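Written below as structure tokens is the structure these notes are about.
The values are calculated or read from the model by the stated rules, or taken from the named source; none is laboratory data. Keep in mind that what you see is a predicted model, and the values were worked out from it rather than measured. Because the Cβ atoms are built from the backbone with ideal geometry, glycine has one as well, and the counts that use them run over all protein chains shown. Ligands, DNA and RNA are excluded from the accessible area calculation, which covers all protein heavy atoms including side chains. Shrake-Rupley method; radii C 1.70, N 1.55, O 1.52, S 1.80 Å.
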Amino acid sequence: MFRNDRKNVGGGAKKHKILTGRIEGNPKGFAFFIDDDGGEDLFIPASALNSALHGDRVDVEPVVSARRGSGEAKVVRVLERGNPYIVGTYSDCARYGFVKPDNPRICKDIYIPVEYSLGAKDGQKVVCTVKEYPADRKPIGRVDEILGREGDPGVDVLGIIRAYGLKEQFPAQVMKEARSKPQSVSESDTKGRTDFRNETVITIDGDDSKDFDDAVGLKRDGSGFILGVHIADVAHYVIEGTPLDKEAFKRGTSVYLCDRVLPMLPEELSNGICSLNEGEDRLTLSVIMKIDNEGNIVSGKICEGVIRSKHRMTYKEAAAVVDGDAELCGRYADVKDMLADMYRLSRLLLLKRKKRGCIEFDLSESKIIIGDDGKVKDIVRYPVLKSNQMIEEFMLAANETVAEKYAAAKIPFVYRGHEVPSAEKLQTLVTFLSALGITFRGDTNNPKPADFAALLSGVDEQLAAVVNRVTLRSMMKASYVPSNMGHFGLAAPYYCHFTSPIRRYPDLAVHRIIKDMMHGGNPKRFTDFASSVSKQGSEREKVAESAERDVDDLKKAEFMSDKIGEIYDGVISGVTEWGVFVELENSVEGLVRTADLPEGDYFYNRDLMRLDSGSRSYRIGDRIRIKVANVEGSKISFALA
């Protein structure tokens, strides 16, 4: 973000070019400036930070450094502090104390006057807030909460929850409102709704799911199908402007940590009246789609409905029925044929998406299994079952159908947007592929999703993993936007999030707009609403993802802490000038430092993502055997075996 600042920055009458962006700290004390407008990152020496810490939004002035030339800046002013809470370990120095932040990017200890220590003891994990930011000294803070001693059960995860400002408990007035909601559907609630209670509708979710916000039903229609996607009508119970609604907006999303969930809505709604529980009447916002035998969505309508789920099935059960498991086919005899048709339809929908060029990455996720003692028992890869793919296709179809209708109507809305890869990222990918002997056959000035789909489907099996990984990194990040821009990765001209209003506020906002329009509302009133929900939804999604990733890293490190010296096979997942990251089969990732590689003068080739030293070369995607060398906090160090 550029502007000419008239406040005489740096003395004299000359106007200076001022940039606005975010600080990314480094454990060594210096930092980098990340421009809001995507300009180049600028180096900021510790002496030029002017009290700014990692995460702060700042104005900076670019400067010419004799040491670095261009590419350096100094902080002019701090606009917004990025760390409302800092979690760290308390050190007692008798008349005062210090908190060493857990986040190594916050590279300054926090000075704590003894009267603001809350009686914290040496070595305890605490939460503090910074009250003063002297430019030439350590920040001055206050201890607000003592979490316990490092290593105590749950303290590590609690520290991450506090560091991101996430909330475990709901305010009293929010709980009061939630508890006032009915726990059953009355006949008066069903008036004016389409009644699906006599139709066969089921939910299919994970083994340990407790809230069910989507249900599906399918009927044959000549040579085609009628697909019903029924989503919990959360907006019927979460009324705009109430304490419950304001809290949901503030949270933005549920946060799924490996040992707990921080829900967007209280359990009275998420697991109760808004959950599409088996055998219970529930209110829905339903999308009914007529689909031909080639996977084309011929028509689609959205209506307020009421359903009664016939079965709560798991992904494993549904997949087993599709595969013909005798016992489960007997148990679910009433839906066996419908599930077979669902799988057939999902294959048609997937084939249709592939024909239009959607990008399918071959990447699996992992699950961290926590034992009753709170310790990590195992880390395993999630199996991708036929039923997972089936439900995913149906949800995508519903999301696209809803987005297309509201884009055509030009009504203010919340879309899920995904941009074309930037020219810089695309050029990095093309250069990397060239080094592998692979030609990117698309137009680099105007790439299409089909170009990437063709690349991934045509690559040699031996190179598939690395090409998938690097191509994914070339993609932009999807976000919520108030105007339709399409979704590049899905090759979808229209897309929104409609199917998870229990756990995502943008979905709830979409429901609210739809329902209001159904009842003759004025679309203009949602213009500002759509913009604020898009901004907040995108920001809260980033926070949730960061917290989830930090907890995963912490638990993976805990899992590896008693495996020092053990040997594993892995794949180089990242290359930097200071070393190579190696990912094991169970998704655990660790760093082999450049200093621990075989002796040599290593050169880091950023374009080819490679470390070279004479005859030795370490490249992303290479298979490598490592030994677990050390675990400290959430950082895992490997050495070559």
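Can you tell me which residue is least open to solvent (accessible area, probe 1.4 Å) among those in region 80-118 that are under 21 Å from Leu554 (Cβ atoms) and free of Cβ contacts under 8 Å to residues at least 24 places away in the same chain?
Pro101
Which of the residues that make up region 138-156 are loosely packed, with under 15 Cβ neighbours inside 10 Å, more than 26 Å from the chain's Cα centre (by Cα) and among the small types (Gly, Ala, Ser)?
Gly151
Residues of region 399-418 being among the small types (Gly, Ala, Ser), more than 26 Å from the chain's Cα centre (by Cα) and not in a helix (DSSP H, G or I), which ones? Quick ask: steps written out before the conclusion?
The first filter runs over region 399-418 and keeps only residues among the small types (Gly, Ala, Ser), leaving 403, 407-409, 417.
If we keep only those that are more than 26 Å from the chain's Cα centre (by Cα) too, we end up with 408-409.
Passing the criteria: only Ala409.
Just one of (1) touching a Ser or Thr at 6+ places or on another chain (Cβ under 7 Å); (2) closer than 30 Å to Glu632 by Cβ trips up Ile110, so point out which.
(1)
With respect to Lys219, is the statement that it is more than 30 Å from Arg77 (Cβ to Cβ), open to solvent by 80 Å² or more (accessible area, probe 1.4 Å), basic (Lys, Arg) and in contact with a helix residue (DSSP H, G or I) (Cβ under 6 Å, 6 or more places away or on another chain) true? Explain how you work it out, then say what you get.
Working: more than 30 Å from Arg77 (Cβ to Cβ): yes; open to solvent by 80 Å² or more (accessible area, probe 1.4 Å): yes; basic (Lys, Arg): yes; in contact with a helix residue (DSSP H, G or I) (Cβ under 6 Å, 6 or more places away or on another chain): no.
The answer is no for Lys219.
Which of the strands (runs of 3 or more DSSP E) found entirely inside region 205-259 contain at least 2 residues meeting this: under 30 Å from Asp373 (Cβ atoms) and not aromatic (Phe, Trp, Tyr)? Walk me through it before giving the result.
Numbers: elements: 214-221, 224-232, 255-257.
Of the strands (runs of 3 or more DSSP E) lying wholly inside region 205-259, those with at least 2 residues that are under 30 Å from Asp373 (Cβ atoms) and not aromatic (Phe, Trp, Tyr) span 255-257.
From the list Lys301, Lys316, Lys290, Lys354, which one is part of a strand (DSSP E or B), touching an Asp or Glu at 6+ places or on another chain (Cβ under 8 Å) and open to solvent by 10 Å² or more (accessible area, probe 1.4 Å)?
Lys290
Please state which one of Asp233, Asp221 is in contact (Cβ under 8 Å) with a residue 24 or more places away in the chain, acidic (Asp, Glu) and under 22 Å from Glu278 (Cα atoms).
Details: Asp221 fails: under 22 Å from Glu278 (Cα atoms).
After applying the criteria, what remains is Asp233.
Answer yes if at least one residue in region 92-109 is among the polar types (S, T, N, Q) and in contact with a helix residue (DSSP H, G or I) (Cβ under 8 Å, 6 or more places away or on another chain), and no otherwise. Working first, answer last.
In the first step, residues of region 92-109 are kept if they are among the polar types (S, T, N, Q); the result is 103.
Now drop any that are not in contact with a helix residue (DSSP H, G or I) (Cβ under 8 Å, 6 or more places away or on another chain), which leaves 103.
Yes, region 92-109 contains at least one residue that is among the polar types (S, T, N, Q) and in contact with a helix residue (DSSP H, G or I) (Cβ under 8 Å, 6 or more places away or on another chain).
Pick out the one residue from Ile572, Ile636 that is within 25 Å of Pro104 (Cα to Cα), surrounded by 20 or more Cβ atoms within 10 Å (Cβ to Cβ) and modelled with pLDDT under 95. Working first, answer last.
Values: Ile636 fails: modelled with pLDDT under 95.
Being within 25 Å of Pro104 (Cα to Cα), surrounded by 20 or more Cβ atoms within 10 Å (Cβ to Cβ) and modelled with pLDDT under 95 holds for just one of Ile572, Ile636, which is Ile572.
Among the residues of region 472-503, write down those that are out of contact with any strand residue (DSSP E or B) (no Cβ under 9 Å at 6 or more places or on another chain) and either part of a loop (DSSP other than H, G, I, E, B) or surrounded by 21 or more Cβ atoms within 10 Å (Cβ to Cβ) (or both).
Ala491
Those residues that are β-branched (Val, Ile, Thr) and either closer than 30 Å to Ser532 by Cα or not in a helix (DSSP H, G or I) (or both), I need them from region 428-444; list them, please.
Result: Ile438, Thr439, Thr444.
Any idea how many residues of region 590-623 are surrounded by 18 or more Cβ atoms within 10 Å (Cβ to Cβ) and either over 33 Å from the mean Cα position of the chain (by Cα) or part of a strand (DSSP E or B) (or both)?
Here the count works out to 8.
Working carefully through the options Asp323, Asp337, Asp372, find the one that is touching a residue at least 24 places away in the same chain (Cβ under 8 Å) and either open to solvent by 80 Å² or more (accessible area, probe 1.4 Å) or among the charged types (D, E, K, R) (or both). So that I can check it myself, show each step before the final result.
Working: Asp337 fails: touching a residue at least 24 places away in the same chain (Cβ under 8 Å); Asp372 fails: touching a residue at least 24 places away in the same chain (Cβ under 8 Å).
Step by step, each of Asp323, Asp337, Asp372 is checked, and only Asp323 is touching a residue at least 24 places away in the same chain (Cβ under 8 Å) and either open to solvent by 80 Å² or more (accessible area, probe 1.4 Å) or among the charged types (D, E, K, R) (or both).
Give the residues of region 524-558 that are β-branched (Val, Ile, Thr) and either closer than 30 Å to Ser366 by Cβ or not in a helix (DSSP H, G or I) (or both), sorted by residue number. Give the derivation first.
Taking region 524-558 first, the residues β-branched (Val, Ile, Thr) are 527, 533, 543, 551.
Matches in region 524-558: Val543, Val551.
Here is a yes/no grid of residues against (1) in contact (Cβ under 8 Å) with a residue 60 or more places away in the chain; (2) outside any loop (DSSP other than H, G, I, E, B); (3) surrounded by fewer than 13 Cβ atoms within 10 Å (Cβ to Cβ); (4) not hydroxyl-bearing (Ser, Thr, Tyr):
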| residue | (1), (2), (3), (4) |
| --- | --- |
| Ile379 | yes, yes, no, yes |
| Gln389 | no, yes, no, yes |
| Ala397 | yes, yes, no, yes |
| Val420 | yes, no, no, yes |
| Leu426 | no, yes, no, yes |
| Asn446 | no, no, yes, yes |
| Val466 | yes, yes, no, yes |
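Please determine whether any residue of region 192-201 is at pLDDT 95 or above, open to solvent by less than 50 Å² (accessible area, probe 1.4 Å) and not in a loop (DSSP other than H, G, I, E, B).
No, that holds for no residue.
So, in region 250-307, exactly how many residues are within 24 Å of the chain's Cα centre (by Cα) and of a type in the set (S, T, N, Q)?
The first filter runs over region 250-307 and keeps only residues within 24 Å of the chain's Cα centre (by Cα), leaving 250-267, 269-271, 274-275.
Next, from what is left, pick out any that are of a type in the set (S, T, N, Q): 253-254, 270-271, 275.
The total comes to 5.
When the residues of region 575-589 are filtered to those that are in contact (Cβ under 8 Å) with a residue 24 or more places away in the chain and open to solvent by 60 Å² or more (accessible area, probe 1.4 Å), which remaining residue is nearest to Leu463 (Cα to Cα)?
Across region 575-589, the extreme among qualifying residues is Glu585.
Looking at Phe452, Phe432, can you tell me which residue is under 19 Å from Gly574 (Cβ atoms) and either hydrophobic (A, V, I, L, M, F, W, C) or buried (at least 17 other Cβ atoms within 10 Å of the Cβ) (or both)?
Details: Phe452 fails: under 19 Å from Gly574 (Cβ atoms).
Phe432 is the lone residue from the list that is under 19 Å from Gly574 (Cβ atoms) and either hydrophobic (A, V, I, L, M, F, W, C) or buried (at least 17 other Cβ atoms within 10 Å of the Cβ) (or both).
Need the failing condition index for Val321 against (1) outside any loop (DSSP other than H, G, I, E, B); (2) within 21 Å of Val402 (Cα to Cα), just the number.
Only one criterion is unmet by Val321, namely (2).
Restricting the first residue to region 273-290 and requiring it to be farther than 11 Å from Ser184 by Cα, which pairs with a second residue that is open to solvent by 10 Å² or more (accessible area, probe 1.4 Å) and of a type in the set (S, T, N, Q) meet a Cβ separation below 8 Å and a spacing of at least six or different chains?
Between residues of region 273-290 that are farther than 11 Å from Ser184 by Cα and residues that are open to solvent by 10 Å² or more (accessible area, probe 1.4 Å) and of a type in the set (S, T, N, Q), the close pairs are Ser286/Thr194; Val287/Thr401; Met289/Ser299; Met289/Thr401; Lys290/Ser299.
Could you say which residue among Asp337, Asp362 is acidic (Asp, Glu) and either over 30 Å from Glu461 (Cβ atoms) or part of a helix (DSSP H, G or I) (or both)?
Details: Asp362 fails: either over 30 Å from Glu461 (Cβ atoms) or part of a helix (DSSP H, G or I) (or both).
Going through Asp337, Asp362 in turn, the sole match is Asp337.
Go through (1) free of Cβ contacts under 8 Å to residues at least 40 places away in the same chain; (2) among the small types (Gly, Ala, Ser); (3) at negative phi and name the single condition Gly437 misses.
(3)
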